[in-house]
Amino acid sequence: MDASNNNATRERKRIDWLDWVRGVAAVSVMLHHFAEKLSPEYADFSRTYFDMGRAGVVAFFVASGFVIPLTYARQRTDVFFVRRVTRLYPLYLLILLITVLVQPQGSWSDPRWWLEIALNATMLQELVIPSLVGVAWTLTIEWLFYYQQIGAKLIGVLEKSWVLAYAWTGVFVLMVIAEYVTGSSLPITIPCLLAAAFLGQAFSMWYFGSLGSRAFLTSLTIVIGVLAIASASRSSVEADVWPGPLYAISFVGGLAFVLVAYLLRNKLRLPWAVWLGSLSYAVYLVHSLLTELPDLTDSAPVKWALAGVGIVGTVLISWFLHENLEQKFITWGRKYSPRQRNYSAP
C-alpha cells in the first residue's frame, strides 16, 4: 500500500466513530417511532421529558455538518451537486412513490394532488407544504444546508461559513420572540437544525486543525447555551406537542451524544452500529412505511409482534436497498459526474 493510501486509511479510521453515530441515531429514530405506537407511557414520556427521535435527528445534522463541508472542499460544485442528487434522490423517490400508492392522501383526479406530489419530489416541500413521507421534513433542511455551502464556496468563504451557526441561532431566537408576540407556531426547527449543522462544521474544522480551540469552544458554548435557553423559554405554543423544556433537552441530548461519541472514539467499538451507519439513510426512510404495521390491529400482543416484524424488516429492506439501489446510484454518480483533475478548493 502506497503512502497516499495509508494516509487515506488513517483518515477514514479517524472518523469511523461518525459512522456509528449515524447508525445509533438511525436506530433511535426508528425505535422512537415504533415505541410511540406500542406504549402510551413512552409516548407521554417522549412528549414531556426527552424525545429520543428528535435527539437522533440533531445528531444526524451535526454529523452531516461535520462531513459535507469536508467532502465538498475537495470537489467542484457541479461534481458535489451531481453526487448529492444521485446519493439522495433515487431512494427517496422510491419511498415517496410507495407512500402515495399505499397511503394516498388526495384524489388522483385532483390536479392539486399531483402538484403536492411534484412538490414533494423536489425534497424542498417543507418550505411550502408538509411532507407526504413523514420523516422527509428533515431532507428539506438538509438541502438548505447544502445550498448555503454552495453559496459560501462560490464566493470563496467555505471555510468561514461555520459562523452561520451564530446567524441561525439568532434567527431561532427571533422566531421564539415572534411566537410570543403573535401567539402562533413558527418553523423554529429549521434554524435550530441549521445551527446544529454549522456547529458540526466548526467541530470538523477544529478536529482537523483548521479552527482554533477557542473559536470552536466559544461557538459550542454560545450556540448550545442560547438555543437551549431560548427553546426552554418558549411560550405555550404547541405545548401539547413540543413544549419548550422538552425541545431544549432533546436538542442538547443530540449534541451531547455526538460529543460523548467523540470522547469514546478510541475506546468504544460498535461494528454493528458502523454497519447500520452505512444503512442509516435507508433505515430513516424505510421505517416510515413500516411503523404503520402496529396500527393494523388493536391486540397488544399482535402489535408488539408486528413492531418486531417492522424493525427487523426495516433493517433487512434497508440493507437490500442500500446494496441494490443506493450503491448503484452512488457508483453511477461518481462515474458520470463531471470529471475533475488536480482540483483543490479555493
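Scanning the stretch 217-232 for residues that are open to solvent by 10 Å² or more (accessible area, probe 1.4 Å) and in contact with a helix residue (DSSP H, G or I) (Cβ under 8 Å, 6 or more places away or on another chain) yields a total of 8.
ILE141 falls short of the stated requirement of being open to solvent by 10 Å² or more (accessible area, probe 1.4 Å), touching a residue at least 60 places away in the same chain (Cβ under 8 Å) and either of a type in the set (Lys, Arg) or within 27 Å of PHE208 (Cα to Cα) (or both). Checked against (1) surrounded by 16 or more Cβ atoms within 10 Å (Cβ to Cβ); (2) modelled with pLDDT of 95 or more; (3) hydroxyl-bearing (Ser, Thr, Tyr), THR189 passes all but a single condition, namely (2). Restricting attention to the stretch 82-126 and to residues that are polar (S, T, N, Q) and not in a helix (DSSP H, G or I), the residue that is farthest from the chain's Cα centre (by Cα) turns out to be SER109. Considering (1) part of a helix (DSSP H, G or I); (2) of a type outside the set (S, T, N, Q); (3) surrounded by fewer than 19 Cβ atoms within 10 Å (Cβ to Cβ); (4) modelled with pLDDT of 85 or more, the lone condition that GLY277 does not fulfil carries the number (3). Taking the criterion of being surrounded by 15 or more Cβ atoms within 10 Å (Cβ to Cβ) and assigned to a loop (DSSP other than H, G, I, E, B), the residues of the stretch 68-81 that qualify are ALA73, GLN75, ARG76. Candidates in the stretch 144-157 are the residues that are free of Cβ contacts under 8 Å to residues at least 24 places away in the same chain and not in a helix (DSSP H, G or I); of these, the one that is least open to solvent (accessible area, probe 1.4 Å) is VAL157.
Just one of the numbered conditions (1) under 16 Å from SER250 (Cβ atoms); (2) surrounded by fewer than 17 Cβ atoms within 10 Å (Cβ to Cβ) is not true of LEU127: (1).
Among residues of the stretch 265-291 that are touching a residue at least 12 places away in the same chain (Cβ under 8 Å) and farther than 17 Å from LEU31 by Cα, those with a beta-carbon under 7 Å from a residue that is surrounded by fewer than 18 Cβ atoms within 10 Å (Cβ to Cβ) and not β-branched (Val, Ile, Thr) at least six positions away or on a different chain give the pairs VAL274/ASP16.
The values are calculated or read from the model by the stated rules, or taken from the named source; none is laboratory data. Please read all numbers here as calculations on a predicted model, not as lab measurements. Virtual Cβ from ideal backbone geometry, glycine too; neighbours counted across all protein chains shown. What goes into the accessible areas is simple: the full protein's heavy atoms, side chains included, and nothing from ligands, DNA or RNA. Shrake-Rupley method; radii C 1.70, N 1.55, O 1.52, S 1.80 Å.
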